[in-house]
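The numbers here are math on the coordinates, done by the rules we state, and not lab data. Being a predicted model, the structure only gives us computed values, none of them experimental. Cβ sites come from the backbone with ideal geometry, for glycine too, and all protein chains shown count toward neighbours.
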Amino acid sequence: MNALHEFLLRTGDNCLILGHRVSEWCGHAPVLEEDIALANTALDLLGQTKLWLTYAAEVEGKGRSADDLAFLRDAWDFRNVLLTEVPNGDFGRTMMRQYLFDQYHLLMLQGLAQSSDETVRGIAAKAVKEVAYHVDRSRDTVVGLGDGTDESHRRMQEALDYLWPYVGEMFASDTVDAEMAEGGISPDPASLRDAWDAAVADTMAEATLALPDSRFHHKGGRDGRMHTEHLGHMLTQMQWLQRAYPGATW
Amino acid sequence: MYAQMVKSTGQGVKTREEMSPEEAHFQDRVDADEKIEARDWMPEGYRKTLIRQIGQHAHSEIVGQLPEGNWITRAPTLDRKMILLAKVQDEAGHGLYLYCAAETLGVSRDDLTEQLLSGRMKYSSIFNYPTLTWADIGAVGWLVDGAAIMNQVPLQRTSYGPYSRAMIRICKEESFHQRQGYDIMMKMAQGTEAQKRMAQDALNRFWYPSLMMFGPSDAESVHSAQSMAWKIKIDTNDGLRQKFVDQTVPQAEYLGLTIPDETLKWNEDKGGYDFAEPDWTEFFDVLKGNGPCNHDRLKARQDAWTDGQWVRDGLLAHARKKAARKVAAE
Ligand SMILES: [Fe+2]
Ligand SMILES: [Fe+2]
Ligand SMILES: [Fe+2]
């Protein structure tokens, strides 16, 4: 296993799967401005996907393209964290998931912008600006809805409680991460947890939401060992044309 | 064309003698191609007609997100997914510009939205047709945005300033919409047998509904006559339809696709094509709510609105609390 390739898949798949989920909202958001903003987030994430997966394919060296990786891998070859693949739920859950991920994504990209790998550095430098904006927006929404009406507060608390067990996987390190950290390519995700905790505690306090105290977390996405049942359904839709008409140019 | 059969005063165009001094002055300004601004005096009929027209146009942009949005999660490549998402996002933006233009006439966006959701206001008939294959996404960009452009380009010169400025912004984006659609059609028409079949099938299904977008002939319509005198309608429906056909036929030929009209023929004398009228009974059925997707489209918008109520309420409550806290701290 090539650790760099594995790392790039993890990074790119997070963007792809979350970008796809967010794009499911298009045309159905609670207000027009949110519809536009969600499409914007999805577009940024898909743009980043293209860059990460193109590099992943290049490192792999088997002549595959970013599209091949996105549309022709089966679920067990995906390396995104489970948090990104859970269904959208209501708007509150979608935005809570976005915030929890954005806050991690920002810290990770800030680290990657210092990477010893020039391509990684370049992609991260571009992405970090987009994601800084994503955090501002998702944070504002979480605070606004947490500290809104009784109903919006209740829904946001439910969203946080539902998503919390998926948080820990973002910071779980393994041998791939160790190798990346050693080579100065990527920060060790575990090393980002304290900064993430501090930022999230601050946000949830402002949102008047209670942070669950359990540290238990699901895993199996970033190593592909065991995704949720949801990913397969997403892929049947996302990959359908490529699978049904192999070799066609679109 | 996103606004169809917009009613005006229904009384026909007033002669100079019938006009009040204000009306005559207003008409002079319109005739001199001056822009009318929100604060200027305007006839009540002008204001009401514009609200109907801009509102219907805005609703069309919003409902128009749905048939294309239907394929975002199934787009075949990363690039196609991004292009389509950006395109549909533009349409939402167009809706926003237009609702803002309508607001300058004294009607709120919420008010217009309610009229859409209750069925009192319409949106373009075209969005009541389904998108069944990926080629439909090509056909929508090529034909539907193509027809919209036909109507929107002249509307950049419309007499109402805020509407005209919204149109100028919108037109900048529309040509990208049509190009991406045509580009999809190209790939499909030059692709595998299955892709060619999808492309032809898409053209077969979207041709007549696209012609319907311009609305039935309005040569005799008193509504259109008034709207044209006020320059909130620039060309006749038949004129625009002819232009659209003349532009589109060579594009279809270039793709190697057949327009589903056996009577289609170049007419040297008029310098344009003769072509078959769409089935206007079908058009009126669709307007009445009996198109293939009317129910689902409206339901999707109603659900988005109802399901989003708690979000709008929550954000509003938060904004109020924040403002109150600020006052208390001062
Ligand atoms: Fe548009
Ligand atoms: Fe459009
Ligand atoms: Fe468009």
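Values computed for the structure shown
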read-out: Max mean-square fluctuation residue, GNM over chain B, Cα-Cα springs under 10 Å, options B:Asp136, B:Asp145, B:Asp269; value: B:Asp269
read-out: Per-residue Cβ neighbour rank within 10 angstrom, fewest leading, B:Leu96, A:Leu9; value: B:Leu96, A:Leu9
read-out: Packing-based exposure ordering (other Cβ within 10 Å, fewest first) of B:Trp71, B:Trp142; value: B:Trp71, B:Trp142
read-out: Kirkwood-based shape ratio for the protein assembly as shown, expressed as Rg/Rh from alpha carbons; value: 1.02
read-out: Karplus (6.51, -1.76, 1.60) ³J(HN,Hα), θ = phi - 60°, over the stretch B:130-137, in Hz, Gly and Pro reported as x; value: x, 9, 9, 9, 4, 5, 4, 5
read-out: Within the stretch B:207-307, trypsin sites (Lys or Arg not before Pro) in DSSP loop having at most 15 other beta-carbon neighbours inside 10 Å; value: B:Lys270
read-out: Per-residue ³J(HN,Hα) for the stretch B:301-308, Karplus 6.51 cos²θ - 1.76 cosθ + 1.60, θ = phi - 60°, Hz, x for Gly and Pro; value: 5, 4, 5, 4, 5, 5, 5, x
read-out: Debye, to nearest 20: dipole size of chain B, +1 on Lys, Arg Cβ, -1 on Asp, Glu Cβ; value: 1440
read-out: Cut-off under 5 Å, modelled amide H: who pairs with B:Ile36 long-range; value: B:Tyr160, B:Gly161
read-out: Ratio Rg/Rh, restricted to the stretch B:166-287 and using Cα atoms, in which Rh is the Kirkwood radius; value: 1.00
read-out: Gyration tensor (alpha-carbon) shape descriptor, the stretch B:1-144, a/c threshold 1.5; value: prolate
read-out: Lys, Arg +1 and Asp, Glu -1 on Cβ, resulting dipole of the stretch A:96-250 about Cα centre, debye, nearest 20; value: 540
read-out: Given charges at Cβ of Lys, Arg, Asp, Glu: the protein assembly as shown dipole, positive-most of B:Gly64, A:Ser152, A:Thr203; value: A:Ser152
read-out: Shape box of chain B [Cα atoms, principal axes, largest first, Å]; value: 70, 59, 33
read-out: Partners for A:Lys129 among aspartates and glutamates (Cα-Cα distance below 15 Å; same-chain residues under 8 apart left out); value: A:Asp44, A:Asp102
read-out: Neighbour cut-off at most 16 other Cβ (10 Å), DSSP loop, GluC sites (Glu not before Pro), the stretch A:158-224; value: none
read-out: Karplus (6.51, -1.76, 1.60) ³J(HN,Hα), θ = phi - 60°, over the stretch B:245-258, in Hz, Gly and Pro reported as x; value: 4, 4, 6, 7, 4, x, 5, 5, 4, 4, 7, x, 9, 9
read-out: Among the listed pairs B:Lys14/B:Lys35; B:Lys81/B:Lys243; B:Lys81/B:Lys196; B:Lys231/B:Lys299, those beyond 26 Å (Cα-Cα); value: B:Lys81/B:Lys243; B:Lys231/B:Lys299
read-out: Area projected by the alpha carbon convex hull of chain A, averaged over all directions, nm²; value: 13.1
read-out: Residues of type aspartates and glutamates that B:Lys172 reaches as a straight line, Cα spacing below 19 Å, ignoring anything fewer than 8 places off in the same chain; value: B:Glu61, B:Asp90, B:Glu91, B:Asp145, B:Asp183
read-out: Size of electric dipole in the protein assembly as shown: Cβ of Lys, Arg +1 and of Asp, Glu -1, about Cα centre, debye, nearest 20; value: 300
read-out: Listed residue pairs exceeding 19 Å between alpha carbons, taken from A:Lys126/A:Lys219; B:Lys7/B:Lys288; A:Lys50/A:Lys219; value: A:Lys126/A:Lys219; A:Lys50/A:Lys219
read-out: Other-chain or far-sequence residues with amide H under 5 Å of B:Tyr273's (modelled H); value: B:Asp246, B:Asn267
